[in-house]
1. Evaluate the following for residue 12: is it surrounded by 10 or more Cβ atoms within 10 Å (Cβ to Cβ), at pLDDT below 80 and assigned to a helix (DSSP H, G or I)?
2. Just name the residue that is nearest to the chain's Cα centre (by Cα) out of those in segment 48-61 that are in a helix (DSSP H, G or I) and surrounded by 12 or more Cβ atoms within 10 Å (Cβ to Cβ).
3. Would you mind finding the one in 113, 148 that is hydrophobic (A, V, I, L, M, F, W, C) and at pLDDT 90 or above?
4. Conditions: (1) under 31 Å from the mean Cα position of the chain (by Cα); (2) modelled with pLDDT of 90 or more; (3) over 16 Å from residue 42 (Cβ atoms). Residue 73 meets all but one. Number of the miss?
5. Would you mind finding the one in 39, 59, 97, 63 that is modelled with pLDDT of 90 or more and among the hydroxyl-bearing types (Ser, Thr, Tyr)?
6. Would you check which residues across segment 102-129 are over 38 Å from the mean Cα position of the chain (by Cα) and of a type outside the set (S, T, N, Q) and list them?
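The values are calculated or read from the model by the stated rules, or taken from the named source; none is laboratory data. Just so you know, these numbers come straight off a predicted model, no measurement behind them. Neighbour counts are summed over all protein chains in view; Cβ atoms, including those assigned to glycine, are modelled from backbone coordinates with ideal geometry.
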Amino acid sequence: MPKNLQKSLTSEADDDQSPIEKDEKSTKVHQLPSDKLITDEVKLRMEVIQSLIEPCDRTTYSTKKKEAAEKLGVSIRQVERLLKKWREQRLVGLANTRSDKGKYRIEQKWIDFILKTYTDGNKGSKRITRHQVFLKVKGKARANARHF
């Protein structure tokens, strides 16, 4: 066996860390999402993303992105965002982790006030615009802030 090859093999064997341990320290650790986050939608996204990361030429890639957007029911830009999330976070990035999805971010009393203002402002021949509703909500919020 040549000395150079023998020397490189012995130096690797003498090293305390295995190549896998070295690799784990040099790269990001990706957490796997829980089973309840891996829905059929996430599986579909993963399938589409994996078809996109296969090597191909530019025209084929743009065609694949268009097909992926149609398959997922999103825009091409959203597909690009999903690809970015996949590269950064792997499977976790494809899962929907928003806990407030489908919920209002304001208190119910404000929702009621907005709806009442809009319905009261559009009775009969009166018409109120969204901006006018916004101004009334803003005024009430300022008035409430003064009371604290």
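1. Yes.
2. Filtering segment 48-61 for residues that are in a helix (DSSP H, G or I) and surrounded by 12 or more Cβ atoms within 10 Å (Cβ to Cβ), the one nearest to the chain's Cα centre (by Cα) comes out as 49.
3. 113
4. (3)
5. The conditions single out 63.
6. Result: 120, 121, 123, 124, 126, 127.
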